[in-house]
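S.K.: Got a structure for you, questions after.
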């Protein structure tokens, strides 16, 4: 064939290849029934008109194409400011997946190994102890030696034995409060490294590896990223993840110029009526995104948009590449989205390096296919990626608790109902 | 007329196409592989050099072959730290237990010739291995012991999978180490060699096994015995057998039991660590071994430990296995045999996580979950700090060669692996 024909064909296919990595807008996807998908509008608007929800943003990406992307109701109920699709949300624990990717970037650079003890970098974590007996009356306690040190893999899978301050589940939580360990939720005027060093000297809830317990694991991972890279976490994320992926609306410190795009945070009173989240409620000031922070919580500190986060998920679905930028190798993404814990530790589900993973057992009971990886945020944001359906979905709200939180499951049902 | 033309054209086409086939088998240099991110692969240099600069490693050679193409191949640091002789990528290493896979292929060559069966008792060839005993109680005070009868004979498959019940002198279990030491059983590296390999193996047969055949996995002298069996069955010495049947056909020109004086300069120095983990030279007699054993003119060949080789030669050997037994137009073993060698042969996980084939660790589904190697990867290594693995799913071969043991900074090998996989597109 003539050389210039070959060149033309190459010129056509190269952009096409790059395009299949990035999220495409304004192309129709033949595997989606748009009429059915549109029923999401009625569902969400119904919840809003009943005052069960103030506002929400939903996004559905199928085969790298945006097939649904809408803002519903109000970003702020008091001023009746409409919720735009590009509203900025406090994504709380959705930060954890980004921190996990940050750790795996350093792993791929040969800077750490997954089964390496974290005390190699923060020596205060050497010789860990485990809580034995706790005296509720005076908060004294006894400990036993841990059988082994905690590793990066323990932190990525929440099996280290660390607990959470304020929102934790074991007696250790009280010890954290007494020792002023930040929860990571909100604004903290403290040194992340000093806080983590203090944490290193406190007892674990259980022997490393033996249970799954939600905890400050990702905050410690964020600190380790800072120690190993020599950069603060915001700079590390911006350089290595946000800039290459074009995630222009994702920040620890939301700039003043974008402050008006932040959706307002709500909670419920004891009659389940939606009220604004005040500055002191549960020790979290909802204005923390625009407060100038230097304590970057790898567990909870980011704010972002539905589209930005969808790009991040699409990168993972693509096997680590997006828009020509390789963030991670495909084998690394496979490891992150494969089960990494012993059977039974996380109910019937699996847990990877930073994600809950749908098992065959749970896939039988719901619409998500096995292998779907997912998590969410404390303020009512949810995401999942379904590799079998080649789909990324997010449903973002800013309300906690939400006695009508089932709107999210219904959104999920309608999404799968619309797949041909 | 037409038929005649066809009979000319067909072989002509074959002649054109044949080089392509051969090319597809051999390791190609000088071409780019589109499934590799070379920028990421190059970061290995910084990582290894950091270990060298921090005096955590004196030197190393790494090689990565992907889809039959050489994509990475470098020497780092020093072959000899005292003279600051740089490590060339074609340095010769004492590959120790990497010898075992070569011995395994040797056995399978004889198997394919119909000379032995895998489940045949080795006593068919060395009758002293009939009626073996298994250790029952050992009295450390006076080194006496009691035994029970073995429930069955040991077979070639038992030896190939380390499930025979043979143990290791020097590095094995406490009681067996003592029994072997008293009886003068040695493990290779030309230590304690007096007499022929066959006599030594006959001597070994009189000693107890550490467990019943087939019931457990115990690293042991299995491949020394297999090497001896190759000599008995073929009537050739092991070095000649390997040379004729494996090294010459594969073009492995730098692989020897006895490294010739002409290549002695390419043999790397061996190191160990002192009690403060500083790297020091391996002195003659340390651990009973003379590091110059490759240069000694030996006729006692340990099929478990005695070869020296280069990263490239060994990569060629692994490529032959990945290719299904053929390399550069030479068929060493059949595809079915290559597959059998690299498949699981045990009823239990040999280390709690992974499978074991004929001389190889084989990554199981469980093992593949938490690491980068895909299921089916076959691998092993050598006592002096050499590691290899071949990942059939990625069509990938990797080696990292050092000559230091112990190495408190062994993580350099795990990091090499993480960085190789991170460069796969």
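Each reported figure results from applying straightforward, stated rules to the coordinates on display, with no laboratory input. Because the structure is predicted, anything quoted here is derived from the model rather than measured. Every residue, glycine as well, gets a Cβ built from its backbone with ideal geometry; the counts of neighbours run over all protein chains shown.
S.K.: Where does helix A:95-108 land angle-wise versus the long Cα axis of chain A, in degrees 0 to 90, nearest 10?
M.R.: Long axis of A:95-108 versus the principal axis of chain A: about 90 degrees.
S.K.: Given the protein assembly as shown, report the % of alpha carbon pairs whose separation exceeds 44 Å.
M.R.: 40 percent
S.K.: Can you pull the semi-axes for segment B:104-234, root of five times each eigenvalue of the Cα gyration tensor, sorted largest first, whole Å? The partial results should precede the final answer.
M.R.: Working: eigenvalues 116, 55, 30 Å².
The three semi-axes for segment B:104-234 are 24, 17, 12 Å.
S.K.: May I pose another question? Determine the shielding of peptide A:318-330 by partner chains: average, over its residues, the number of Cβ atoms on other chains within 10 angstrom of each Cβ.
M.R.: Whole-number average of other-chain Cβ neighbours for A:318-330 is 2.
S.K.: What is the packing order of peptides B:71-81, A:99-109, taking the mean over residues of other C-beta atoms within 10 Å and listing the highest first? Write out the running numbers ahead of the final one.
M.R.: Values: B:71-81: 19.8, A:99-109: 23.7.
Listed from highest to lowest mean packing, they are A:99-109, B:71-81.
S.K.: Could you please state, rounded to a whole Å, how far the C-alpha centre of segment B:146-186 is from the C-alpha centre of segment A:340-366?
M.R.: Here the two parts' Cα centres lie 43 Å apart.
S.K.: Determine, for each peptide in B:280-287, A:372-379, the mean count of other beta carbons within 10 angstrom over its residues, then list the peptides with the highest first.
M.R.: Numbers: B:280-287: 13.1, A:372-379: 21.6.
Ranking the peptides B:280-287, A:372-379 by packing returns A:372-379, B:280-287.
S.K.: What value, in deg cm²/dmol to 500, does the helix sum -39500 (n - 2.57) over DSSP H runs of n ≥ 4 give at 222 nm once divided by the residues of chain B?
M.R.: Working: 12 runs with 132 residues, N = 425.
That calculation yields -9500 deg cm²/dmol at 222 nm.
S.K.: Nearest 10 degrees, 0 to 90: what angle lies between the long axis of helix A:3-21 and the longest principal axis of chain A (Cα atoms)?
M.R.: Roughly 50 degrees, rounded to the nearest 10.
S.K.: In vacuo Debye scattering of segment A:184-270, one point per C-alpha: log10 I(q)/I(0) at q = 0.10, 0.19, 0.22 Å⁻¹?
M.R.: The Debye formula, applied to the Cα set alone, gives -0.40, -1.08, -1.19.
S.K.: Over all residues in A:108-116, what is the mean tally of Cβ atoms on other chains that come within 10 Å of each residue's Cβ?
M.R.: Shielding by partners across A:108-116 averages 6.
S.K.: Can I ask one more? Between residue B:216 and residue A:210, what is the label-point separation in nm under the 7 Å Cα-to-beta-carbon projection?
M.R.: It works out to 2.7 nm between the two label points.
S.K.: For residue B:119 and residue B:67 in one chain, what is 0.36 nm times their gap in residues minus the Cα-Cα distance, to one decimal in nm?
M.R.: Details: separation 52, 0.36 × 52 = 18.72 nm, distance 3.48 nm.
Contour length minus Cα-Cα distance gives 15.2 nm.
S.K.: Follow-up. Using the Kirkwood radius over Cα pairs, work out the Stokes-Einstein diffusion coefficient for segment A:16-151 at 37 °C and 0.692 mPa s, in µm²/s as a whole number.
M.R.: Numbers: Rh = 20.5 Å.
The estimated diffusion coefficient comes to 160 µm²/s.
S.K.: Another question, if that's okay. For chain A, what ratio Rg/Rh do Cα atoms give with a Kirkwood hydrodynamic radius? Mind showing how you got there, number by number?
M.R.: On the way: Rg = 21.9 Å, Rh = 22.4 Å.
Rg/Rh for chain A comes to 0.98.
S.K.: Average partner chain C-beta neighbours within 10 Å, per residue of B:409-416?
M.R.: Shielding by partners across B:409-416 averages 3.
S.K.: A follow-up question, please. Please find, in a Gaussian network model of chain A (springs between Cα atoms separated by less than 10 Å), the residue of A:50, A:90, A:282 whose mean-square fluctuation is greatest.
M.R.: Result for chain A, Cα springs under 10 Å: A:50 fluctuates most.
S.K.: So what's the angle, to the nearest 10 degrees on a 0 to 90 scale, between helix A:306-317 and the longest Cα principal axis of chain A?
M.R.: Once rounded, the angle reads 90 degrees.
S.K.: Using only the Cα atoms of segment A:112-233, what semi-axes does the equivalent ellipsoid have when each is the square root of 5 times a gyration tensor eigenvalue? Give whole Å, largest first. Show your work: numbers first, answer last.
M.R.: Working: eigenvalues 93, 61, 29 Å².
Square roots of five times the eigenvalues give 22, 17, 12 Å.
S.K.: Would you please give the FRET efficiency between residue A:143 and residue B:45, computed as 1/(1 + (r/R0)^6) with r the Cβ-Cβ distance and R0 = 45 Å, to the nearest 0.05?
M.R.: 0.50
S.K.: What is the distance in Å between the Cα centres of segment B:353-402 and segment A:71-131?
M.R.: Measuring centre to centre over Cα atoms gives 33 Å.
S.K.: Any chance you could check the Cα centroid distance between segment A:155-187 and segment B:234-298 for me, in angstrom?
M.R.: A separation of 55 Å, based on Cα centres.
S.K.: Quick one: go through segment B:226-270 and flag any residue whose amide nitrogen is under 20 Å from the point 7 Å out along the Cα-to-Cβ line of residue B:88.
M.R.: The answer is B:251-270, whose backbone nitrogens lie closer than 20 Å to the label point.
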